[in-house]
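The values are calculated or read from the model by the stated rules, or taken from the named source; none is laboratory data. Bear in mind the structure is a predicted one, so any value in this text is a computation, not a measurement. Heads up, the Cβs are rebuilt from the backbone with ideal geometry, glycines too, and the neighbour counts pull from every protein chain shown. Just the protein is used for accessible areas: all its heavy atoms, side chains included, with ligands, DNA and RNA removed. Shrake-Rupley method; radii C 1.70, N 1.55, O 1.52, S 1.80 Å.
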2 protein chains.
Amino acid sequence: MDLVSQPLTAKAFEPYGEVFELQHARQMSINQGLTIRYHDLFRVDVATNDGRPAVNVFRTRPLPLPVEISVMERHPLGSQAFIPMHETPFPVLVGKPVDVLHATDLILFLTNGKQGINLHRNTWHHFQIVLDHLQDFLVVDRVGPGPNVEEVNVTGEAWIGPYSFPG
Amino acid sequence: MDLVSQPLTAKAFEPYGEVFELQHARQMSINQGLTIRYHDLFRVDVATNDGRPAVNVFRTRPLPLPVEISVMERHPLGSQAFIPMHETPFPVLVGKPVDVLHATDLILFLTNGKQGINLHRNTWHHFQIVLDHLQDFLVVDRVGPGPNVEEVNVTGEAWIGPYSFPG
């Protein structure tokens, strides 16, 4: 089956994580009015098992399409946020909270170019995909003791290809 | 006195905070070689007194120069990191770790356009200054109980103006 993307909204994404966007953030005027502080965009959830937050940059090349989605991953010990440094839409592929993922359990979103996401702990997701040019993301996740990556093989056939991003 | 900037280096800034830059970060190839992870750029230090990390965007207009520096501030309970979203140098004005700041205790740095900074807890600093166009920064600091801002009046006269950024 071809996965078909839907627009990313906070409501549709709620089971999987947070969606944030500057225009919807709490805004404070600080520094004698010279700075707008877009406050506390998402919840960093990394303290389990003595974790601490790690702030990283991911510099990602486009994934050549079409591609069959065969493996998904999740992080049981920490949230993982992706803050785009460019205003380019990017896909977000997540899976329902089941232990054996079938192709029909996958949900493909496409951001509007101004949104960032914060995956909840334990949300099945594909590794980061970008469609166009090389893109940079600020990523806030966890470092600390304990195994924090699980992988699962997807049963059934799921593809991202030319039909996945209509419009 | 006119403050005169010096180039920001990790060594010169060590008493005040961390300097980070992608080319000096630990790099990991992940996601089947499609992503470079620039790993764990700085140390988030916000847990004191039940604090948690806040990730924010600061959107800052240029400070009209010349300006007299009369007040500095510090955050006793948490570090504060500034990650520029543009490759534009920005000034960083900090003060020596004394309780009564005199103009001669101020140190003015200028980034190279690729650097970010993470102020240690309790480092005297000026509120964020940008020189040119409107600039966005990802800011990682602390939310939580307790007062986390102290201000001090600077004794003596210190100015940032046309002579502060030679070259």
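Would you point out the residue of the range A:11-31, among those that are under 14 Å from the mean Cα position of the chain (by Cα) and not charged (D, E, K, R), that is most open to solvent (accessible area, probe 1.4 Å)?
As a first pass, look at the range A:11-31 and keep what is under 14 Å from the mean Cα position of the chain (by Cα): A:12-21.
Pick out the ones that are also not charged (D, E, K, R) and you get A:12-13, A:15-17, A:19-20.
Details: A:Ala12: 38, A:Phe13: 0, A:Pro15: 87, A:Tyr16: 22, A:Gly17: 6, A:Val19: 33, A:Phe20: 18 Å².
Ranking the candidates gives A:Pro15 first.
Residues of the range A:63-91 that are acidic (Asp, Glu) and in a strand (DSSP E or B): A:Glu68, A:Glu73.
Can you tell which of B:Leu77, B:Leu8, B:Leu34 is modelled with pLDDT of 95 or more and surrounded by fewer than 20 Cβ atoms within 10 Å (Cβ to Cβ)?
On the way: B:Leu77 fails: surrounded by fewer than 20 Cβ atoms within 10 Å (Cβ to Cβ); B:Leu8 fails: surrounded by fewer than 20 Cβ atoms within 10 Å (Cβ to Cβ).
The conditions single out B:Leu34.
For the range A:119-142, filtered to residues that are acidic (Asp, Glu) and at pLDDT 95 or above, the residue that is most open to solvent (accessible area, probe 1.4 Å) is A:Asp136.
Which of the residues belonging to the range A:143-163 are surrounded by fewer than 14 Cβ atoms within 10 Å (Cβ to Cβ) and either within 14 Å of another protein chain (Cβ to nearest Cβ) or not hydroxyl-bearing (Ser, Thr, Tyr) (or both)?
Residues satisfying the conditions are A:Pro145, A:Gly146, A:Pro147, A:Val149, A:Glu150, A:Glu151, A:Asn153, A:Gly156, A:Glu157, A:Gly161, A:Pro162.
Can you work out which of the residues in the range B:37-71 that are over 21 Å from B:Gly95 (Cβ atoms) and aliphatic (A, V, I, L, M) is most open to solvent (accessible area, probe 1.4 Å)? So the residue we want is B:Ala47.
Of everything in the range B:93-118 that is open to solvent by less than 30 Å² (accessible area, probe 1.4 Å) and within 14 Å of chain A (Cβ to nearest Cβ), the residue that is farthest from the chain's Cα centre (by Cα) is B:Gln115. Please determine, by comparing only the residues of the range A:120-157 that are among the charged types (D, E, K, R) and not in a loop (DSSP other than H, G, I, E, B), which one is nearest to the chain's Cα centre (by Cα). Ranking the qualifying residues of the range A:120-157, first place goes to A:Asp141.
Please verify whether B:Phe90 is touching a residue at least 40 places away in the same chain (Cβ under 8 Å) and over 20 Å from A:Phe82 (Cβ atoms), treating the condition exactly as stated. So B:Phe90 passes the test. Looking only at the range A:22-71, which residues are farther than 24 Å from B:Ile117 by Cα, within 7 Å of chain B (Cβ to nearest Cβ) and free of Cβ contacts under 8 Å to residues at least 12 places away in the same chain? Correct list: empty.
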